[in-house]
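Okay, so here's the structure we're looking at.
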Amino acid sequence: MKVFQFCFALLCIASSAFSQQADSLKSSSPNDSLASPPKSVFLHPYKVNYWVSGSIILVGVATDVPAINRIKGKPTISDAEIASLNTSAISSFDSWALTRDPTKAEQYDHLSDNMLTATIFLPALLAINKNIRHDWLPLLVMYAEAQSVVFTIYNYSFLGPTFQNKFRPIVYYDSIPLANRENGNGRNSFYSGHVATASLATFMMTKIYCDYHPEMGATKYLLYAAATIPPLALGYVRVLALKHFPSDDLVGLGLGAVCGIVIPELHKNKNNRTDIGMFTTPNGGAGFTLKWNPNRTTAL
């Protein structure tokens, strides 16, 4: 379902950007553009190779869908595992996740899904800026590529639930029906994919805006600080939903922030000696490659 929400969000971003660009073109005639020079010079900070980025998106979607189903279909948590749970082994930083109100967990779970969808839409606000709107297509492709990378890291890296089996907070609550605590999805606490996706959206949005406005100087750090607010709020709600511990949220926030900054940086026009790609293995694994080409002198 999250994949379809993301695809729908991308379509909305594209339609919003395209419609505003079309309106701006209608407002001026060809004669007007010939009669006077343009009022502003558009910046083009990024260079997107559509073949490479498109391949990453397609391979990412094709491999992430079965991975998500596999992660959600983990073996049922046994009675013996639940009986052996030791809350004293949980750090004081994470322990407050075990003192929430379990009767409101489902309510907060639905709220967190809605918050994630809204956060995915946030980069559409960049279309308000006519300079950024001018490059709507490469930015849309770059955003889809970045989301695909984050999904793949979650689904296939050692940090993600494919290799980690940390119990969610819900498993520790004796007041919750045993059938809900034994669900195999309860093994997927580390790390928060919701927060990672939201963090990517806000930090990439901030990175793009700052790259189109280099005159901002140190003020940009205020924007980056603001970019932490939506994923932090989402992480808080995920704890209330008994889905994650605070440390799970912080890892997701950090990973999403790194990808949201690094991936646009790899696409910057000045950075023409770097290639990013994807590979797959016969057993269904997938990963990303980063190549350095010191002899390259022209942009991709």
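Quick look at the values:
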| quantity | calculated |
| --- | --- |
| Whole-Hz couplings from phi, Karplus 6.51/-1.76/1.60, listed for region 170-181; x for Gly and Pro | 4, 5, 8, 8, 5, 7, 8, x, 4, 4, 6, 6 |
| Cα-based Kirkwood hydrodynamic radius, region 154-204, one decimal, Å | 12.1 Å |
| Proximal aspartates and glutamates relative to Lys220, as straight alpha-carbon distance under 19 Å, when same-chain residues fewer than 8 apart are discounted | Asp211, Glu265 |
| Residues Asp79, Asp64, sorted so that the one with the fewest Cβ neighbours within 10 Å comes first | Asp79, Asp64 |
| Whole-Hz ³J(HN,Hα) from phi, Karplus 6.51 cos²θ - 1.76 cosθ + 1.60, for region 45-62, glycine and proline x | x, 10, 10, 10, 8, 5, 5, 5, 5, x, 5, 4, 5, 5, 5, x, 5, 5 |
| Built amide H within the under 5 Å cut-off of Tyr46, gap 5+ | Asn269 |
| Of the chymotrypsin sites (Phe, Trp or Tyr not before Pro) in region 63-166, those whose Cβ has at most 12 other Cβ within 10 Å and which sit in DSSP loop | Phe158, Phe163 |
| For region 208-273, the spread of Cα positions along each principal axis, largest first, Å | 44, 27, 13 |
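Since every read-out is calculated from the coordinates, none of them should be taken as a lab result. Every value quoted in this text rests on a predicted model; they were computed, and no experiment measured them. Counting neighbours? That spans all protein chains shown, and the Cβs are built from the backbone with ideal geometry, glycine included.
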